[in-house]
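Chemist: My questions will all concern the structure given below.
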Amino acid sequence: MSPAALPPSASPRQLAHWLRQQLAASWEQQQVTIGEMIWPQSQLVLLLEYALLSARDVRAGLTLWCECLPLLGLPWYPTLSGTYPRLRLQFAPREAAADPHPLWYLLQLLHLRLKHWHPAQPWRLEWPQRLTALPPAPDLLASHFAPQPALELDLADWPASPYPEWQDLHAPLATILHRLHRLGAQPRGRLEEIKVLLEQALPARPPLPQLAHQLGLPVRSLQRQLQQHGTRYSQLLDEVRRNRAIALLCHEQHSAQAVGLALGYQDAPSFQRAFRHWFGLTPGAFRRRYFELDPDGHHQPEVSLYYAINQLQQQSLRQYSGARIWISLRNLAFDKAVQVLCEDQDGIWRPYPATFERFIGPERELWSTPSLPVHHPLRFRIEYQAGGQRFQDNNGGQDYALEQAVLLGPQPAVYHQLLVCPTDGSHSAVLVRLFSRDPWPAAWACWQQAGQTRRHPLTRQPCGPAWRWEALVAGPDADTPLFFEFGTADRPQMKLDNAGEGFLPQPW
């Protein structure tokens, strides 16, 4: 342990600042991914401290502190034990070579905070290593050798909290922490693990051998797992960059050029091309749409099911593909959160976050979930929070049940896939898949070419309560928007055109 310089007569405030600096320096990762959000570990430490100090009594505060400590990603598991008035916090390593230094700084911060609550409280810190070169600070807690880290204190005669004005904050802080803990505790599949590592590495692009090393896998095993999931390294990086671009552009202090650099693009034109390929518009156009709320959109529901598909099938011995859900919502604020609550086999409703996908109309956005690890049939409801308001679509109080291959919301038709796929040589075609509620006599994929409208017929198949339309369309390229018509050859009766902008195909 090589601490930075600390004045011999450091005040408690100076010591706390020094401990935070050392804690940050001792962590390999400065950020933690929880759900779809990236949290600086320093913010999570402060959140834990304020939740502790705002508790009604010290045992309740320490219980919450132990419950939510895993949020920090430390390789130590806390347990709270002892009989009144003695209380013991013991820490078991999660891995053989668990680094104890971050935990030491964290416990010293905990002691410093609680010492202000009860200055006369006797403490005992047990530690498995001899600590040397520590600064001469009277408020640092001395340690006694023991096989595992532990902290003991006496609960007798503890006074009431010295921060009574904070007690109203304890309930909302505890709610936030428990919610974050549930999100962080959700099991991640291999793809989610890789995407987390890619996002943490931005703007760098870690090579595949480095990712394999971080995951504890041989490179060939990682390549094989990506193939089993039907994806590639470049596709995962593209998805991570796309989601991160949206998160950064939703804050006006980030310029489009700064966002591109944060994602690893060498210059602004490269980022502009990538963003237009993802969403069919420039970053500037996206930002204008995002911050210009629709004054006449009050007649539309704030959030509603767009459609859902059931892909429940076994892909390999242990890998399953679940369901995906698409959600339509109004842009009420640039800071928003969307999640789907799903009922699992144990009867517990668990949240799964959704992310922005594209615009589907004036100030109307489409969000989607990743593949959900669910059972059949899937029951779910949708929650949307924006501007301090909370909205829900629970199918009129009955919740949704995805019992067949597809479930449509109120829309008469939706486009599901537009994929550019190679055919032979240098030629390519666009794979089109749509869903409609009604069995139209015919449907066409349409695009503009040389000033004329080209049309290609789609084939129709029943798909549960809906109809699936698909075709492999030769002619349009990746930069040509498509739209779709339904009806008869001489009289199209319905058009699906993304509010007049058409739909851009995506790479295979």
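Chemist: Give me the pairs: first residue in the range 8-20 and more than 18 Å from L47 (Cα to Cα) and of a type outside the set (S, T, N, Q), second residue in a helix (DSSP H, G or I) and modelled with pLDDT of 85 or more, beta-carbon distance under 8 Å, and six or more apart or on different chains, which are they?
Modeler: Close Cβ pairs satisfying both conditions: A10/W18; P12/L112; L15/L112.
Chemist: Of all residues being modelled with pLDDT under 85 and assigned to a helix (DSSP H, G or I) in the range 246-275, which is farthest from P353 (Cα to Cα)? Just the residue, please.
Modeler: Here the answer is L249.
Chemist: Go through the range 154-168 and report how many residues are part of a helix (DSSP H, G or I) and surrounded by 15 or more Cβ atoms within 10 Å (Cβ to Cβ).
Modeler: 1
Chemist: For P8, are the conditions met, namely being in a strand (DSSP E or B) and modelled with pLDDT under 85?
Modeler: So P8 does not fit the description; no.
Chemist: Within the range 375-462, considering only strands (runs of 3 or more DSSP E) that don't extend past its boundaries, which have at least 1 residues that are charged (D, E, K, R)?
Modeler: 378-386, 389-393, 428-436, 452-457
Chemist: Continuing with the same structure: If you take the residues of the range 491-508 that are in a loop (DSSP other than H, G, I, E, B) and either modelled with pLDDT of 80 or more or in contact with a Phe, Trp or Tyr (Cβ under 9 Å, 6 or more places away or on another chain) (or both), which of them is farthest from A474 (Cα to Cα)?
Modeler: Among those residues, the one meeting the criterion is A499.
Chemist: For the list (1) outside the structural domain of F359 (by TED's automatic domain parsing); (2) modelled with pLDDT of 85 or more, I need the number of the one condition that F391 fails.
Modeler: (1)
Chemist: For the range 198-231, give me each residue that is in a loop (DSSP other than H, G, I, E, B) and surrounded by 13 or more Cβ atoms within 10 Å (Cβ to Cβ).
Modeler: Scanning the range 198-231 gives L202, P203, R205, P206, L217, H229, T231.
Chemist: Next up: Could you list, in sequence order, the residues of the range 46-70 that are of a type in the set (A, V, I, L, M), crowded, with 18+ Cβ neighbours inside 10 Å and touching a residue at least 60 places away in the same chain (Cβ under 8 Å)?
Modeler: L48, A51, L52, L53, A55, V58, L64
Chemist: Pairs under 6 Å by beta carbon, first residue in contact (Cβ under 8 Å) with a residue 40 or more places away in the chain in the range 389-410, partner acidic (D, E), six or more apart or different chains?
Modeler: Pairs found: F391/E302; Q392/E383.
Chemist: Right, next: Test P149 against the stated conditions and say whether it is surrounded by 13 or more Cβ atoms within 10 Å (Cβ to Cβ), modelled with pLDDT under 85 and either closer than 30 Å to T33 by Cα or in the same structural domain as Q41 (by TED's automatic domain parsing) (or both).
Modeler: Considered against the rule, which asks whether it is surrounded by 13 or more Cβ atoms within 10 Å (Cβ to Cβ), modelled with pLDDT under 85 and either closer than 30 Å to T33 by Cα or in the same structural domain as Q41 (by TED's automatic domain parsing) (or both), P149 comes out as no.
Chemist: Exactly one of (1) at positive phi; (2) in contact with a Pro (Cβ under 6 Å, 6 or more places away or on another chain); (3) not polar (S, T, N, Q) is unmet by G397. Its number?
Modeler: Against the list (1) at positive phi; (2) in contact with a Pro (Cβ under 6 Å, 6 or more places away or on another chain); (3) not polar (S, T, N, Q), G397 comes up short only on (2).
Chemist: Hey, another quick one. Assess whether T488 counts as being exposed (fewer than 15 other Cβ atoms within 10 Å of the Cβ), over 27 Å from F275 (Cα atoms) and of a type in the set (S, T, Y).
Modeler: So T488 passes the test.
Chemist: Mind listing whichever residues of the range 73-92 are of a type in the set (A, V, I, L, M, F, W, C) and modelled with pLDDT under 85?
Modeler: L74, W76, L80, L87, A92
The values are calculated or read from the model by the stated rules, or taken from the named source; none is laboratory data. In this text, all values refer to a predicted model and were calculated from it rather than measured experimentally. Here the Cβ is made from the backbone with ideal geometry for all residues, glycine too, and neighbour counts use every protein chain on show.
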